[in-house]
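Below is one structure; the comments refer to it alone.
The values are calculated or read from the model by the stated rules, or taken from the named source; none is laboratory data. Bear in mind the structure is a predicted one, so any value in this text is a computation, not a measurement. Backbone-built Cβ (ideal geometry, glycine too); neighbour counts: all protein chains shown.
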Amino acid sequence: MPLNDLIRRTRQGQPRAIARLITRIENGAAAAEIIPRIYAATGRAHVIGVTGAPGSGKSSLVNELAKALRRRDYKVGIVAVDPSSPFTGGALLGDRVRMQDLSGDKGIFIRSLASRGNLGGLSEATAAVVKVLDAAGFDTILVETVGAGQAEVSIASAAHTTLVIEAPGMGDDVQSIKAGILEIADVLVVNKADRPGAARTVRSLKMMLQLGQAMPVNHHGRSLQTTAVSPNGMENDNFWQTPVLETVAIDGTGIEALLDVVLAHKAHLQATDGWLKQEKIRSRREVEQLLHARFMEQFQTAVSQNDREQLITAIANRETDPYTAVAAIFAQINE
Ligand SMILES: Nc1nc2c(ncn2[C@@H]2O[C@H](COP(=O)(O)OP(=O)(O)OP(=O)(O)O)[C@@H](O)[C@H]2O)c(=O)[nH]1
Ligand SMILES: [Mg+2]
């Protein structure tokens, strides 16, 4: 089908068109053709990142949140990102089965994305898929990714609202919480609250949040302005206090309360300059990623693989240095 038809049908929210458009994005460079044609129709969706350790219950929570959102009449897009799997399928198949009770509902669209060995490509593809769902009229988009490394954190933090999921026993030890994970959390969730130790995990997380707040550095400069409490002791209006909530995803306990908090965070972003700030962070990152990719492409075209290898070897052997090498590469590209 011609791309224009596919895009028109996607804008009408036709599931098969959306699926085919996403497949084109997955298969390669199509994003450069697609995004310019839909970008003006994006920017409406509230993007919620859901990240956390493997097995903490992210998919189960996403499933329950999606159902709760549907009960409140939101249209929900779900993107499950699996950086560890080179295939679409595998671990994600389990997610599909679990999310089956959601299928058949036109107000929900679910898609899994796998890495195919290229994390940079995965975060670019995820961003493009989110835009497709946004343009298709899904007003709330949940992005699930395993919180294991920098790339995954960057996928999650491209969201307006980031949920970090812990399970009892995982968060008790300061060491066990990955550096950087708490900083990106807008909401902390202790799932599997039916298991022993949940209250202790909540306490440790709250303690770590307090420790973190002693320092005036935060997030991506998103919500926290300067300090938690202004000099007169009043809460700063622009400050979002990261809440810690307990849930049991397998029976739905705590889900409505979690959704209330997620929507409160959205309202908070909209009421402050947080929403625009987050959009600017994302826009800047996208431009820089695309520039980097375009430049690397040019570099690889201008300098043969053989010459690139020789250059690297020469730098390693101290026959030249990285600065001189880069100056020479720029001269060659600008020739
Ligand atoms: N007891 C209990 N089990 C849960 C809860 N939530 C999820 N589980 C179970 O924990 C297991 C993992 O749940 P998932 O939702 O697949 O977790 P995940 O974080 O998406 O896992 P990965 O995507 O593989 O990292 C499943 O067997 C769930 O049924 C909960 O609240 N309580
Ligand atoms: Mg999962």
task = Mind listing whichever residues of region 44-63 are away from ligand 2 (no atom under 13 Å from the Cβ) and over 16 Å from Thr10 (Cβ atoms)?
result = His46, Val47, Ile48, Gly49
remark   = Across region 275-289, the tally of residues that are in contact (Cβ under 8 Å) with a residue 60 or more places away in the chain and either outside any helix (DSSP H, G or I) or not polar (S, T, N, Q) (or both) stands at 6
Residue within region 299-310 that is under 30 Å from Val130 (Cα atoms) and in a helix (DSSP H, G or I) present = yes
query = Of everything in region 38-61 that's in a helix (DSSP H, G or I) and surrounded by fewer than 15 Cβ atoms within 10 Å (Cβ to Cβ), which residue is nearest to ligand 1 (Cβ to nearest atom)?
reply = Tyr39
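A quick yes/no check of all residues on (1) among the polar types (S, T, N, Q); (2) at pLDDT 90 or above; (3) surrounded by 12 or more Cβ atoms within 10 Å (Cβ to Cβ):
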{"site": "Arg294", "(1), (2), (3)": "no, no, no"}
{"site": "Gln305", "(1), (2), (3)": "yes, yes, no"}
{"site": "Thr313", "(1), (2), (3)": "yes, yes, no"}
{"site": "Tyr323", "(1), (2), (3)": "no, yes, no"}
remark   = Every listed condition ((1) surrounded by 21 or more Cβ atoms within 10 Å (Cβ to Cβ); (2) within 12 Å of ligand 1 (Cβ to nearest atom); (3) at pLDDT 90 or above) holds for Thr162 save (2)
